[in-house]
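Computed from the coordinates by the stated procedures, all read-outs in this text should not be read as laboratory data. As the structure is a computational prediction, the values presented were derived from the model and not from experiment. Here the Cβ positions follow ideal geometry from the backbone for every residue, glycine too, while neighbour counts run over all protein chains shown.
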Amino acid sequence: MFEKIILIHNRSLLFLYLLIIGISVAFSSFSLFAMGGMSIFDGVPTEEACRDCHEDLINFPMLERSNPDKHHLLVGTPIPLPEDSTAPNAPGGFPGEDYECMSCHEMDFIPETQTYGLAPFRDCLLCHPEWVVTGSPMMGTNIHHETQTFLLGDCQACHGSGMDDGGMGGGGMGGGGMGGM
């Protein structure tokens, strides 16, 4: 008799567990996709998507400076701890040390000139991983949701029209590229 009760109890718990998981997945899918696909990326983040906004100071004047200028202004400032940084994967230097050119850049030998020069360095996601630049405002680590633009409630600056009034906007500027912050 007890075996039958325990079996029924275990099946009930399993059903309840699966129901909770199913509702959670459905709710998260609803919140991310059914409400207008609010991601500022078309799919996974790419360097090109980052540059669509971060190099567009006309449509995103709140950025104030070009990306190279912003990064070069870090020279001489302390490197933060990875957990306090928007670039936890930065290649060189150690937390507490000051940024210098070689904290981010590497030297390459150029055979044609028999000299060394800065290696091409253009992939934003090398230092700023996907988990830092994506995620919902409710439960994520998205650095874009820590900007003044976000804190002022100007969602449409990145997600397009219809966001500030609770609409279903989404897709970012220019057809869904990355929003600018």
Cut-off under 5 Å, modelled amide H: who pairs with Tyr99 long-range: Gly76, Thr77, Ile79
Global geometry of segment 64-163, whether rounded, prolate or oblate, following the gyration tensor of its Cα atoms and the 1.5 cut on a/c: prolate
Rounded to whole Hz, the Karplus (6.51, -1.76, 1.60) HN-Hα couplings of segment 122-128, x for glycine and proline: 9, 9, 3, 6, 5, 9, 9
Sum of side-chain charges, Leu63 neighbourhood, beta-carbon under 14 Å (Lys, Arg +1; Asp, Glu -1): -3
Long-range Cα-Cα pairs in segment 71-110 (distance over 17 Å), rounded percent: 24 percent
Distant-in-sequence amide H partners of Asp154 (H built 1.01 Å from N, under 5 Å): none
Karplus 3J(HN,Hα) series, Hz, for segment 109-118 with 6.51 cos²θ - 1.76 cosθ + 1.60 (x for Gly, Pro): 7, 10, x, 4, 10, 6, 10, 10, x, 5
